[in-house]
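A.B. asks: Just dropping this structure here.
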DNA sequence: CAAATACTGCGATCGCTGTTCTCAGTAATA
DNA sequence: TATTACTGAGAACAGCGATCGCAGTATTTG
């Protein structure tokens, strides 16, 4: 009756009555993450995950109500890879910048995070992450709602930069060249002079190479603007 | 031979030889957008689009090589709804803020834009948008790569705020209450004291109500930080 | 101890998806 | 007129998420 729109984590992992399950949610999640890391989110189908575990698709539904549940589990599992161990300095900008760096690293390690069909519901690890971010923000005089919004914007920056860095990684030698040429092909000289110009210049310079440094600078600048001194 | 990784727009809409096509890409795109606006991206299947047009799924492949092509067409079509008509003031921050506002309005009108499986390749309208943004940035002394990155970040802010505004719209009377309660349910009092506190305060105050105003403030602040005076 | 109960594994199957094959029909070209 | 290049669309294929039903098993209850 109340099992609609419940997160995975609110449902018990196993009942108390029958035979012990042969697998755990953690195992299934690990298998799914392995598939996603190797072959993308497309490869995370109930059938392929089941095959990876040596069972049938139907069996997985004993552990997970829907595929989206599995995706939630995956997202929360890798959220656990974000390093929350570093001691807080008391400077919200600095502490959040460090946190964002760690979060971005996780995104680079698991590119499929950017392709999730919907914002994953946050599980235990996600909650720990949020709590940590709020703790870092505590020294500021921001009201609670603004704190939440700040964390949201920080996450947005993380995904934004992770996206561009991954995009840049995928065009190996000359970054953006593939994309640039396809852009240039359709940019009309007279209709889009600035795009053409920007692309021409972009292939000359490499000032835009170190996107991570840009990320660090950007995050600090944005946070500084948002958090009262 | 060269028809792989080509955008839809590089392929001719029709050949020169046979009978005239009974439909146009624009018609198909319009039908798909109608479906997406009404029932979400899920409803945009080749079958349902075909049914909407009174034909079979296979016929659509005369107009479009793949479903992703259709999604590109949809994205570019609504990109055309972004207002580029307002004259530029010469102040990049102001002009880009106005542009971002219009872009966000389009996102609110077509929520499925946020759920596209991958960044859409930009077509004619997307190019016009980019060109317009670059023109607004022209008075600044930013180098070209930084201009591109600024536009990228602006787009990120647009999608970020569109997401939160849409999320807020979906929980009607007491914004965020549904989300908040499900959050609170799993937030452990001793493990996540700040989340609990933030949620408690959040239901009292309504300082966070006008997200659009927050958006405008935020965009201007971020842009001001990025664009040299 | 035995009966009832609540669970697990999973083959079979449903309805749906994107996409391709194939072929009849049509219009422009040679 | 013959050739060529196109269009429409029914049929079909592989893969998808999800459900049903049943055999088997461990725990609880009488």
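A.B. asks: Given the residues B:64, B:44, which is the only one that is closer than 23 Å to residue B:124 by Cα and within 14 Å of chain A (Cβ to nearest Cβ)?
C.D. replies: On the way: B:64 fails: within 14 Å of chain A (Cβ to nearest Cβ).
Of B:64, B:44, the one residue that is closer than 23 Å to residue B:124 by Cα and within 14 Å of chain A (Cβ to nearest Cβ) is B:44.
A.B. asks: Which one of A:128, A:69 is within 16 Å of DNA strand C (Cβ to nearest atom), at pLDDT 95 or above and either at negative phi or surrounded by fewer than 21 Cβ atoms within 10 Å (Cβ to Cβ) (or both)? Walk me through how you get there before you give the answer.
C.D. replies: Numbers: A:128 fails: within 16 Å of DNA strand C (Cβ to nearest atom).
Going through A:128, A:69 in turn, just one is within 16 Å of DNA strand C (Cβ to nearest atom), at pLDDT 95 or above and either at negative phi or surrounded by fewer than 21 Cβ atoms within 10 Å (Cβ to Cβ) (or both): A:69.
A.B. asks: Does region B:73-92 include one or more residues that are part of a helix (DSSP H, G or I), within 13 Å of DNA strand C (Cβ to nearest atom) and out of contact with any strand residue (DSSP E or B) (no Cβ under 6 Å at 6 or more places or on another chain)? Steps first, please.
C.D. replies: Kept after step one, since they are part of a helix (DSSP H, G or I), are these residues of region B:73-92: B:73-79, B:92.
Then keep just the ones that are within 13 Å of DNA strand C (Cβ to nearest atom); that gives B:73-74.
Filter once more, keeping what is out of contact with any strand residue (DSSP E or B) (no Cβ under 6 Å at 6 or more places or on another chain): B:73-74.
Taking every residue of region B:73-92 in turn, at least one turns out to be part of a helix (DSSP H, G or I), within 13 Å of DNA strand C (Cβ to nearest atom) and out of contact with any strand residue (DSSP E or B) (no Cβ under 6 Å at 6 or more places or on another chain).
A.B. asks: Out of (1) within 14 Å of chain B (Cβ to nearest Cβ); (2) at pLDDT 95 or above, the odd one out for residue A:56 is which?
C.D. replies: Going through the list (1) within 14 Å of chain B (Cβ to nearest Cβ); (2) at pLDDT 95 or above, residue A:56 breaks only (1).
A.B. asks: Being more than 9 Å from chain A (Cβ to nearest Cβ), modelled with pLDDT of 70 or more, exposed (fewer than 13 other Cβ atoms within 10 Å of the Cβ) and assigned to a helix (DSSP H, G or I) is the filter here, so list the residues in region B:183-216 that pass it.
C.D. replies: Answer for region B:183-216, where residues must be more than 9 Å from chain A (Cβ to nearest Cβ), modelled with pLDDT of 70 or more, exposed (fewer than 13 other Cβ atoms within 10 Å of the Cβ) and assigned to a helix (DSSP H, G or I): just B:213.
A.B. asks: Could I ask something else about it? Could you tell me whether any residue of region B:99-119 is within 16 Å of DNA strand D (Cβ to nearest atom), outside the structural domain of residue B:15 (by TED's automatic domain parsing), closer than 24 Å to residue B:165 by Cα and not in a helix (DSSP H, G or I)?
C.D. replies: Yes, region B:99-119 contains at least one residue that is within 16 Å of DNA strand D (Cβ to nearest atom), outside the structural domain of residue B:15 (by TED's automatic domain parsing), closer than 24 Å to residue B:165 by Cα and not in a helix (DSSP H, G or I).
A.B. asks: Would you mind telling me which numbered condition in (1) within 16 Å of DNA strand C (Cβ to nearest atom); (2) under 30 Å from residue A:151 (Cα atoms); (3) part of a loop (DSSP other than H, G, I, E, B) residue B:142 fails?
C.D. replies: Of everything listed in (1) within 16 Å of DNA strand C (Cβ to nearest atom); (2) under 30 Å from residue A:151 (Cα atoms); (3) part of a loop (DSSP other than H, G, I, E, B), residue B:142 misses just condition (1).
A.B. asks: Select, from A:37, A:76, the only residue that is under 22 Å from residue A:129 (Cβ atoms) and buried (at least 21 other Cβ atoms within 10 Å of the Cβ). Please lay out each step first, then the result.
C.D. replies: Working: A:37 fails: buried (at least 21 other Cβ atoms within 10 Å of the Cβ).
So the residue among A:37, A:76 that is under 22 Å from residue A:129 (Cβ atoms) and buried (at least 21 other Cβ atoms within 10 Å of the Cβ) is A:76.
A.B. asks: Further question: For region A:49-66, state whether one or more residues are assigned to a helix (DSSP H, G or I) and more than 16 Å from DNA strand D (Cβ to nearest atom). So that I can check it myself, show each step before the final result.
C.D. replies: Residues of region A:49-66 assigned to a helix (DSSP H, G or I): A:49-53, A:57-60.
Narrowing further to those that are more than 16 Å from DNA strand D (Cβ to nearest atom): none.
No - not one qualifying residue is present in region A:49-66.
The values are calculated or read from the model by the stated rules, or taken from the named source; none is laboratory data. Because the structure is predicted, anything quoted here is derived from the model rather than measured. So basically every Cβ, Gly included, is an ideal-geometry build from the backbone, and we count neighbours across all protein chains shown.
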